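The values are calculated or read from the model by the stated rules, or taken from the named source; none is laboratory data. Treat the numbers as computed from the prediction; the structure is a model and nothing was measured. Glycine gets a Cβ as well: all are built from the backbone with ideal geometry, and neighbour counts include every protein chain shown.
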Amino acid sequence: MASCQEKKEEISFPKTDLAKAPLVPKPFKTISTGSAFGLDAGTAIFTSNSDAGFEKVGKFLSEQIKSKTGLQIGVNSATEGTLERLIYINQSDSVELKGPEAYQIYIKKDSILLNAKTAAGAFRGVQTLRQLIPEKSNDTLTDHPIWVIPSGKIIDAPRFEYRGSMLDVARHFFTVEEVKKYIDALAYYKFNTLHLHLTDDQGWRIEIKSWPKLTKIGGASEVGGGEGGFYTQEQFKDIVAYAAERHITIIPEIDMPGHTNAASLSYPFLHAPDAETPRVRTDMRVGYSSFDTKKDTVYSFLDDVIGEITAMTPGPYFHIGGDESHATKKSDYIRFVEKVQKIVRKHNKRMVGWNEIVQAELDSSSVIHFWNKPEYALKAIENGSKVIMSPAKKAYLDMKYDSISEYGLNWAGLIPVDIAYKWDPGTYVENLPEENILGIEAPLWSETISNSEELEYLAFPRLIGYAELGWSPSEHLDWDDYKERLAAQVPYLEAMQINYYPTKLVNWKKE
Ligand code: TNX
């Protein structure tokens, strides 16, 4: 040990400034102490053993260190003799940790201490550590490579409990691998939810064992005439588990009573006689399909569908869509939403629906997903319901950046990278109190995109800004400060082979 200590003394680090690290989302509070922790082959990770989740978080960190630096860092395994520096991930019940996702990091010369109440909090803190590890080692400080991590203290907790994105796998199908790649990026920026829009007029993407034609017939098409596709239940469970390992909850959406052409094409009894007759749809129109809200068999069908899906999703929510049901009479729509809410409650989930659902009488546990009408979001207050903020004009990842954007739509306007960042989800809907706001979600509709490269072109870099809007306190939301930190994300995006739109608004830090 004595020789180790001497060795440590020898390293004299250049002066550092933790507060200048380009972290996204920006932490609640950062205090610099000017020195450094040298990550090298002599580092070991140890974790609390009071909660099995902490060791998993330690292993995740070890894997990420390996892929970034090549270092093989043991978790709860190093022997005294080889241990020079320590990263300790500690379960703590400290009252200073506000909420399950809060964490604190103390970085000193000989140790990093990461405190969190829950494994989810530890996982969020690990993302901060990943961002603090430099791309390149310093090979001149000592006789071996060292990755210099600035010393100091970070105190952090999210502003909103719900920070999500949505992927429309219905208009175009995305493979399990493509969804996992998106989940990896969400995790890096501390998102905790991925909403999957699993069904629409053009396709049904989730296997339902009691109604096999949904995927056999309804899964075989997509926008533009491609072959479509669907997830088997095993594949869907695999996505849920992959997300859960990253402390991300999957929210499944079955859109209804409109956006149901693919379901009604598979089982014609579902179809409302007044709506357009089901046929394979590969166009982008909306608002022409509807379930028959008067038939009991439609509700027993939905009980089966909701039952099978909720059995595979551990998260608290089930999303019923409910948007743009222009082919359903208003009174029928209201009754339908109220009946489906009962089914969702029966399966022990909280119902989420696009903002139109407030026309129905809602349970206070149901969540309103705001996208276009502020007056609908405000109705949530009367009801005691929470609201997810996805204003189309600011948060829709499928809107074009500018008039020359390759992909995307423009019905809600163009959304350049600065406009996507310059709004506050806490005050966007006037008179909606922050305590009614569950959080923020950035939806990515897929009419114009069909693979990871195209998806990433629309999502990045805007998604990174939404991560900060959901996590960081409003005092930290400053475009000029943010755009510098955004520019520094290039090495991560390149290492992960994530495509992004290189907007001229940002001075990208390319090699
Ligand atoms: C509106 S937003 C829709 C979707 C489209 C999207 C395209 C919402 C709840 N419904 O059906 O895909 O616009 O931007």
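Pick from 360, 272: which is more than 23 Å from residue 165 (Cα to Cα), among the aliphatic types (A, V, I, L, M) and in contact (Cβ under 8 Å) with a residue 40 or more places away in the chain?
Numbers: 360 fails: in contact (Cβ under 8 Å) with a residue 40 or more places away in the chain.
Only one candidate qualifies: 272.
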> Only one residue in 432, 469 is more than 16 Å from the ligand (Cβ to nearest atom), of a type in the set (A, V, I, L, M) and closer than 27 Å to residue 103 by Cα, so which one is that?
Replying inline: 469
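Here's the yes/no breakdown for (1) away from the ligand (no atom under 16 Å from the Cβ); (2) within 30 Å of residue 490 (Cβ to Cβ):
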site: 376; (1), (2): no, no
site: 379; (1), (2): yes, no
site: 383; (1), (2): yes, no
site: 417; (1), (2): yes, yes
site: 426; (1), (2): yes, yes
>> Which count do you get for residues in the range 440-462 that are crowded, with 23+ Cβ neighbours inside 10 Å and more than 16 Å from the ligand (Cβ to nearest atom)?
In response: 2
>> Quick test for you: out of 344, 367, 429, pick the one residue that is in contact with a Lys or Arg (Cβ under 6 Å, 6 or more places away or on another chain) and either of a type outside the set (S, T, N, Q) or closer than 29 Å to residue 202 by Cβ (or both).
In response: 367
> Which of (1) away from the ligand (no atom under 11 Å from the Cβ); (2) without any contact (Cβ under 8 Å) to a residue 24 or more places away in the chain; (3) not aliphatic (A, V, I, L, M) is the odd one out, the single condition residue 406 does not satisfy?
Replying inline: (2)
>> Take the residues in the range 258-278 that are touching a Leu at 6+ places or on another chain (Cβ under 7 Å) and away from the ligand (no atom under 16 Å from the Cβ); name whichever of them is farthest from residue 325 (Cα to Cα).
In response: 266
> Is at least one residue of the range 232-244 surrounded by fewer than 21 Cβ atoms within 10 Å (Cβ to Cβ) and either within 15 Å of the ligand (Cβ to nearest atom) or not in a helix (DSSP H, G or I) (or both)?
Replying inline: yes
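Please verify whether residue 222 is in the same structural domain as residue 298 (by TED's automatic domain parsing), out of contact with any helix residue (DSSP H, G or I) (no Cβ under 7 Å at 6 or more places or on another chain) and surrounded by fewer than 21 Cβ atoms within 10 Å (Cβ to Cβ), treating the condition exactly as stated.
Numbers: in the same structural domain as residue 298 (by TED's automatic domain parsing): yes; out of contact with any helix residue (DSSP H, G or I) (no Cβ under 7 Å at 6 or more places or on another chain): yes; surrounded by fewer than 21 Cβ atoms within 10 Å (Cβ to Cβ): no.
No.
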>> For the range 100-113, check the following and say yes or no: at least one residue is more than 16 Å from the chain's Cα centre (by Cα), crowded, with 18+ Cβ neighbours inside 10 Å and charged (D, E, K, R).
In response: no
> So residue 164 fits all but one of (1) more than 23 Å from residue 126 (Cβ to Cβ); (2) touching a residue at least 40 places away in the same chain (Cβ under 8 Å); (3) surrounded by 24 or more Cβ atoms within 10 Å (Cβ to Cβ); (4) within 16 Å of the ligand (Cβ to nearest atom); what number is the exception?
Replying inline: (1)
